[in-house]
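Before any comments, here is the structure.
The values are calculated or read from the model by the stated rules, or taken from the named source; none is laboratory data. This is a predicted model, so every value here is computed, not measured. Here Cβ is always computed from backbone atoms with ideal geometry, including for glycine, and neighbour counts include all displayed protein chains. Side chains are part of the model used for accessible areas, which takes the heavy atoms of the whole protein and leaves out ligands, DNA and RNA. Shrake-Rupley method; radii C 1.70, N 1.55, O 1.52, S 1.80 Å.
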Amino acid sequence: MNILQLPPEVLYTIVAGQSRKKLKVLRQVCRIFNQLVEPLLFSTITLTAMPTRNATLASFYNFLESLANGTTNAGAHVRSLSVNRLTPTPHELAEAVTEAKADGKDLKGSHDEKMKDWLLLALGSLKGVRSVSWILDRSDPPWMRPGIIQYFANLPKLEELYIKRDFEILGDTRLGVISNLKKLRIEGISETIRGSLLDQAVSIISNSPHLTSLSVSDIDDDAGSREGDGLTFNSFFDRLPASSPPLRLTEVISQHIPLRLNAVALRHLKELKSLKLEGNPDGEPDDVEGNEEEDWNMNWDEDEDEEEEEEEEDEEDRAARLTWQPQPVLVGEIQNRRPKSTAFWNKLQLSGIQLEKIDLEVVDHAALGYLSSYCGLRALHFREIGASRAMLVNHIATMFYTEVLPKHVETLEELTLVSSYVSAWSVDTQNLELFSQCKNLKTLHVCWKPGAAGSVETFYSILDLSKTFPHLRSLSISFAYPRSIRGARCGNPYYSCQRVYRTKVKKIFPEYEHVDATKNLYKVKAGGLEFKLRPSEGSDSGYRYQFSPPKPGKKGFGGLGLGFG
């Protein structure tokens, strides 16, 4: 039977599962395959003048010209568009001219002339775009920006807009002409654009009554500590017309932008289901209220005098100290401290907002108190959990495992609990028993203590546990490093420890044998390494995880050049 005699939906299913490299080959087989492949190959493209391994500046010109002249059908299939640095550097331009001459070609005309002739016409051919990512660059000439923004405004089906980087270069260009968005993401806000960009962003929001997702990122990591007219989430809502109907936001992402919710903001967050926060939600330093000297004097060894003593330790003392030992938790002393974020989480709770997905960088008692007030969480991600005091970290972890996780075991589908350093967040026997109750898990990411006693048995227990989850599709295991190397993430102690742990994983992973590969994950990541399940040598029924070296990395490339040649 000829493969072309299969039903179209079957052919499409086969083609859709192929890599982009194979799609390029399939496209050249025949017209039928070309019709199947083109929508997949060109659904996402990037327009950029930056040369990459897969595309040269000359190929960028050719693609842009073919879109502008209508000599390609690729534009009809584009649904996601990324625009990034449309002006090459003088060095890149000189290299392109040299390469063209070597191929017997001539790049006639200047770059600016080509862009004026083709860019806006090429963009005009992309009428089905639903998602746009625009990374602003100072090298792009001012005449480009108004035309690009007007193109965005004229897109009939545009739903998602992501704008990043140097907003002050926009000048008098008005973003407010863009409307009817469902997702808006603004990244790279700086203190110099408090007025102009905020007004333009508010115009987009007020013109998008169906907006469901709002993401705002400050270019300054300590933006939350600024006083006075510092930007907060309230700033966007306070400027909306009082008579406008409330938004129905279901997703909010805040990166170093304090939320500090007021009544106006809460009016637009009644249907909030997903929240991702980087930094403290109230914009205060990652600390707890109380006497600053007392906070830093909680019986843990990280002042300068003790660091000097560490340098004089012999190898035996250092090896002994690398093994973490639980410290007694002063429960009364810790609970009496009121986290800075208490007001934020209390307002969510009192407003009846029950999140289904939450992603936090700062985890404190207030956040856990909110999560323990209801049931039904579907996705919980605590990334890079940590604090300057080991006691506080361990107490918060204990509170999570005893009061929060049991509330959500029946509904959780995604769970991430990652701590860079050894603490009570790391996997142990008790944690695994609690994880085993989360039968609906689809993704699981935990941290493991390779340097602890019984670490190999714990590692195998994690793999055993993964087999009990019928819906699990992704398992990742991160290393929890000794606190003695804290502050050395970019130095030799960290990388030396990482090499030791990775060597250990490569050794113990292949020794773990499966009986039935159909009931286990095909791939597992551990310490940044990927292991794939393969049949055991000399065995008819057993399977073992084997290290899968990464393929040679490719430079960033978003689709430009697909189909050339």
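Laid out as a table, the results:
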| item | result |
| --- | --- |
| R0 of 41 Å, Cβ-Cβ distance Ser110-Ser496: FRET efficiency to nearest 0.05 | 0.20 |
| Estimated distance in nm for a label pair at Arg239 and Arg534, the labels positioned 7 Å out from Cα along Cα-to-Cβ | 5.7 nm |
| Sites Val25 and Lys270, calculated FRET efficiency, Cβ-Cβ separation with R0 45 Å, nearest 0.05 | 0.30 |
| Separation of alpha-carbon centers, segment 240-256 and segment 38-79, rounded to whole Å | 36 Å |
| Rounded, prolate or oblate (a/c below 1.5 giving rounded, otherwise prolate when a/b exceeds b/c) for segment 108-149 by Cα gyration tensor | oblate |
| Relative contact order for segment 363-513, counting Cα pairs under 8 Å that sit 6 or more residues apart, in percent | 21 percent |
| Cβ-Cβ FRET estimate between Tyr460 and Thr398, R0 fixed at 25 Å, reported to 0.05 | 0.50 |
| Cα gyration tensor shape for segment 45-148, rounded if a/c is under 1.5, else prolate or oblate | prolate |
| Rounded if a/c under 1.5, otherwise prolate or oblate - segment 377-463, Cα gyration tensor axes | oblate |
| Heavy-atom accessible area ranking, 1.4 Å probe, most first, across Glu9, Glu99, Glu160 | Glu9, Glu99, Glu160 |
| Accessible surface, 1.4 Å probe, highest first, among residues Lys182, Lys164 | Lys182, Lys164 |
| Neighbourhood net charge (12 Å Cβ-Cβ; Lys/Arg +1, Asp/Glu -1) for Leu155 | +2 |
| Residues whose placed amide H lies under 5 Å from that of Val132, excluding near-sequence neighbours | Leu81, Glu160, Leu161, Tyr162 |
| Relative contact order (%) - segment 410-458, alpha-carbon pairs under 8 angstrom, separation at least six | 49 percent |
| Qualifying lysines (Cα of each under 21 Å from Cα of Lys157; at least 8 residues distant if same chain) | Lys127, Lys182, Lys183 |
| Ranked order, Ile14, Ile148 - accessible area, probe 1.4 Å, largest first | Ile14, Ile148 |
| Local net charge near His268, Cβ-Cβ under 14 Å (Lys/Arg +1, Asp/Glu -1) | +3 |
